[in-house]
Structures are given as C-alpha cells and as structure tokens.
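Reading through the structure tokens given below for one structure.
The values are calculated or read from the model by the stated rules, or taken from the named source; none is laboratory data. As the structure is a prediction and not an experimental result, all values here were calculated from the model. Here Cβ is always computed from backbone atoms with ideal geometry, including for glycine, and neighbour counts include all displayed protein chains.
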Amino acid sequence: MGYIGSHVSILLLEAGHDVAILDNLSNSSVVVLDRIKQITTRLPEFYNMDVRDTSNLELAFIKFHPDAVIHFAGLKAVGESVIDPLRYYEWNVMGSVVLLQVMNKYQVKKLVFSSSACVYGDVAEMPITEISCIAPTNPYGQTKAMIEQILADLVSSDQGWSVARLRYFNPAGAHISGLIGEDPNGIPNNLPPYISQVAVGKLDVLKIFGGDYPTPDGTGVRDYIHVMDLARGHLSALNYLSNESGLLTVNLGTGHGYSVLEMVKAFEIASGKKVPYRIAERRSGDVAISFADPSRAEQLLGWKASLGLNEMCRDQWHWQSKNPNGYRSSCAY
Ligand code: UD1
C-alpha cells in the first residue's frame, strides 16, 4: 500500500481483478484503502502483516487464493542501508525468501518483482539497457540485485515459475484524482517529493546535490517516469506472465533524462509556486546521468510510457497541494 503498490492496486481493481494487500504499515497508511475505494468504488482485502511472518503469510494465501503476487515490500532508503545494512538484508532479502517459500508451498508461481535501476550502479554508457552490468553501489541496491539472482535461480530450478523483474527508474507524480500519491516518512530522500514539499511550504529550500556534473546545466540527470505509467507496466507484465513462463527482465523508464534544474522549472510552471533552491555538495553515491533504454519493455510487453514531465509535475502538485501532510492530514475532499 506504499507509493507504487497503491497505484497498481487501482489499475488492478479497475481491470476487474480481486486484490489483497499485505502490508506492515511501516511506511504507509490505512487511509490509502479509503482513497482506493473512493477512486475505484471497490475495497481491496487488507492484511496487516509482515512479509517475513511465515504463518500469517500462509493464512493470507489460504484465505485469498492468489493467482499471482506483485512483490513491492521492502525498505528503500540508500543512506539508511549504508548505516544499517543488516536491517536491509533482513527485510528485503529474507522477506523475499519467505514469500517465495510460501508461494512455492501453495503452488502460486507467478511473480512480479519491484526491482530498481540502482542494480546497475554507475554506468558509463547511456541509455542503460538490461544487459548493462549489475554492479550496485550500496546495500539497498545489493538487496535488489540479490533478490533478482534468487529469482533467476528459482526459475532455472523449476520451469513452472513465471517471474518478471521490473527495474524502475525514477517514479514521480500521482494518481490524477490527487487522492493518492507518495507520502514519505520524515524528510524525503527523493527529488519529486522534496520539490513538492518545498513548493507547498513544508520545507524551506531544495538543496541541489551538485552543480558541477558533466551535464548540460551541471545538475544530475534522471529518467523520471509517471507513477501511472509505471503502474501500467505491472499490468502489462502480469498479462505477459499469464502466457509465458520463465524470467522477464525489463527497464521501466521513459528513455528521456531531465536535470534537477529542469525538474524545478517544470514544477514551478505546474504549481505556479516558486521553488527556492541552492546548490550544495554532491551526495555521495550519486551518479551524474541515468536514463533507460525502455525498448525491450515495448517489444515484449507492448508497454511504453505515455505521460511526460508536465503531467508528472501537474499530478505531483495536485496530490501535494490537496494533502500537504500526506495521509496524516484530514481529507481535502
Ligand atoms: C535514488 C537512489 C536509488 C533508488 C531510488 C529510489 C541514491 C543515491 N539513489 O535514486 O538507489 O533506487 O532513489 O527512488 O539515493 N536530488 C537533489 N536534491 C534532493 C534529492 C535529490 O538534488 O534533495 C538530486 C539527486 O542528486 C539526483 C536527482 O535529484 O541527481 C534524483 O535523486 P533521487 O530522487 O534521490 O533519485 P536517484 O538518486 O536517482
């Protein structure tokens, strides 16, 4: 029921699927369920539980009888993973192993896994294709790479499995209704929620991490992808898995890179607000440029991002301005 999972749930419900959400609420809110109901008129089943909790996971499988699982559960703050790697290996890697064991036991062998472009690390050649080296630069990225490897081994050991490894680039934006969006705990690490919290007045100033990168304006370039495009990618992957077994690995990005300053400009236009910023030191572990070659996803899934920077900024602002304190504020509707 986090940022990506909530948006995917909406599309699944709208497509007529029955959905059960399993979440330990460590970085999400039950309010999301009401919001999903407002948007789709349907309420997903909800299990308040941890993915590492085998017995409750089994109970959920027995009760719900899933055909397929989309696995979003995991910690995702790079800095925190450097300070407390064991927690990341436990939550992300062990959590995935427990989930796979339970799936195996109940013969549910279709899985879509949330991986990340961070598995590539610092890539010299852009755009990044799926055959670029896997060389993560931090424990968080290592956990994603390890889970990817576990999935590859599992698929080789048993041809009954169908697994999609989706390597997300940089998600941004929110559902067009403004009812759901990204609601990070504390100070955001990622750029889109940071910018929108500055624009709404919750944070004073955006610190731009580095103004001297070898990019056209000196600031870092990333492949921002609208969260609804990303969500559609999951449905395309699920459809693909219903006809194919084996392992699918695809980048989900737009193929276009935008700098931090371009993001700030686009966000100012979309919001009509000034986003004060200052250039600060580079953030350790950051790369100068990262953008996807998304052609494999188009070839295999018929999926392609359709929303651009303006829609991302518009929808990010709609969500943030209606919910200045995320799900903690009273509903603005
Ligand atoms: C980050 C993680 C990546 C993870 C992804 C999840 C790092 C080094 N990388 O990717 O492993 O998969 O989030 O979404 O943390 N920026 C600022 N000021 C800010 C925040 C960001 O200037 O306050 C800049 C960054 O330097 C970068 C760009 O904005 O150039 C995007 O940053 P971010 O949103 O954190 O994404 P990534 O670094 O690509």
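Go through segment 208-218 and report how many residues are surrounded by 15 or more Cβ atoms within 10 Å (Cβ to Cβ) and either more than 12 Å from the ligand (Cβ to nearest atom) or within 18 Å of N170 (Cβ to Cβ) (or both). I'd like the intermediate steps shown before the answer.
Taking segment 208-218 as the starting set, the residues that turn out to be surrounded by 15 or more Cβ atoms within 10 Å (Cβ to Cβ) are 208-211, 213, 215, 218.
When the remaining residues are screened for being either more than 12 Å from the ligand (Cβ to nearest atom) or within 18 Å of N170 (Cβ to Cβ) (or both), the result is 208-210, 213, 215.
The total comes to 5.
I want to confirm something. Restricting to segment 152-173 and keeping residues that are over 30 Å from G257 (Cα atoms) and hydrophobic (A, V, I, L, M, F, W, C), which single residue is surrounded by the fewest Cβ atoms within 10 Å (Cβ to Cβ)? Before you say what the answer is, go through the steps one by one.
Narrowing segment 152-173 to residues over 30 Å from G257 (Cα atoms): 153-162.
Filter once more, keeping what is hydrophobic (A, V, I, L, M, F, W, C): 154-155, 161.
Details: L154: 18, V155: 20, W161: 21.
Restricting to residues being over 30 Å from G257 (Cα atoms) and hydrophobic (A, V, I, L, M, F, W, C), the top hit is L154.
What number of residues within segment 277-296 satisfy the criterion of being surrounded by fewer than 18 Cβ atoms within 10 Å (Cβ to Cβ), under 30 Å from K202 (Cα atoms) and among the polar types (S, T, N, Q)?
Selection size over segment 277-296: 1.
Can you spot a residue in segment 120-127 that is within 25 Å of G233 (Cβ to Cβ), modelled with pLDDT under 95 and either more than 16 Å from the ligand (Cβ to nearest atom) or within 19 Å of the chain's Cα centre (by Cα) (or both)?
Taking segment 120-127 and keeping what is within 25 Å of G233 (Cβ to Cβ), we get 120-123, 125-127.
With the extra rule that they be modelled with pLDDT under 95, the set shrinks to 121-123, 125.
In the following step, the residues that additionally are either more than 16 Å from the ligand (Cβ to nearest atom) or within 19 Å of the chain's Cα centre (by Cα) (or both) were identified as 121, 125.
Scanning segment 120-127, I find at least one residue that is within 25 Å of G233 (Cβ to Cβ), modelled with pLDDT under 95 and either more than 16 Å from the ligand (Cβ to nearest atom) or within 19 Å of the chain's Cα centre (by Cα) (or both), so the answer is yes.
Can you tell me how many residues in segment 144-175 are farther than 27 Å from R222 by Cβ, within 23 Å of the chain's Cα centre (by Cα) and small (G, A, S)?
So the answer is 1.
Where residues in segment 49-68 are surrounded by fewer than 20 Cβ atoms within 10 Å (Cβ to Cβ) and outside any helix (DSSP H, G or I), which of them is farthest from the ligand (Cβ to nearest atom)?
Across segment 49-68, the extreme among qualifying residues is H65.
Filter segment 36-48 down to the residues that are in a helix (DSSP H, G or I), within 18 Å of I4 (Cβ to Cβ) and not polar (S, T, N, Q) and list them by number.
Applying the first criterion (in a helix (DSSP H, G or I)) to segment 36-48 yields 36-40.
Going one step further and asking which of them are within 18 Å of I4 (Cβ to Cβ), we end up with 36, 39-40.
Result: I36, I39.
Looking only at segment 9-27, which residues are surrounded by fewer than 19 Cβ atoms within 10 Å (Cβ to Cβ) and under 23 Å from P188 (Cα atoms)?
Matches in segment 9-27: N24, L25, S26, N27.
Just one of the numbered conditions (1) within 15 Å of the ligand (Cβ to nearest atom); (2) part of a strand (DSSP E or B); (3) β-branched (V, I, T) is not true of V250; which one?
(1)
Residues to consider are S132, S196, S156; find the one that is more than 11 Å from the ligand (Cβ to nearest atom) and out of contact with any helix residue (DSSP H, G or I) (no Cβ under 9 Å at 6 or more places or on another chain).
Numbers: S132 fails: out of contact with any helix residue (DSSP H, G or I) (no Cβ under 9 Å at 6 or more places or on another chain); S196 fails: out of contact with any helix residue (DSSP H, G or I) (no Cβ under 9 Å at 6 or more places or on another chain).
The unique qualifying residue is S156.
State which residue pairs qualify: first residue away from the ligand (no atom under 15 Å from the Cβ) and inside segment 262-280, second residue assigned to a loop (DSSP other than H, G, I, E, B) in any location, beta carbons under 9 Å apart, and separation of 6 or more residues or different chains.
E268/K274; E268/V275; S271/V200; K273/V200; K273/G201
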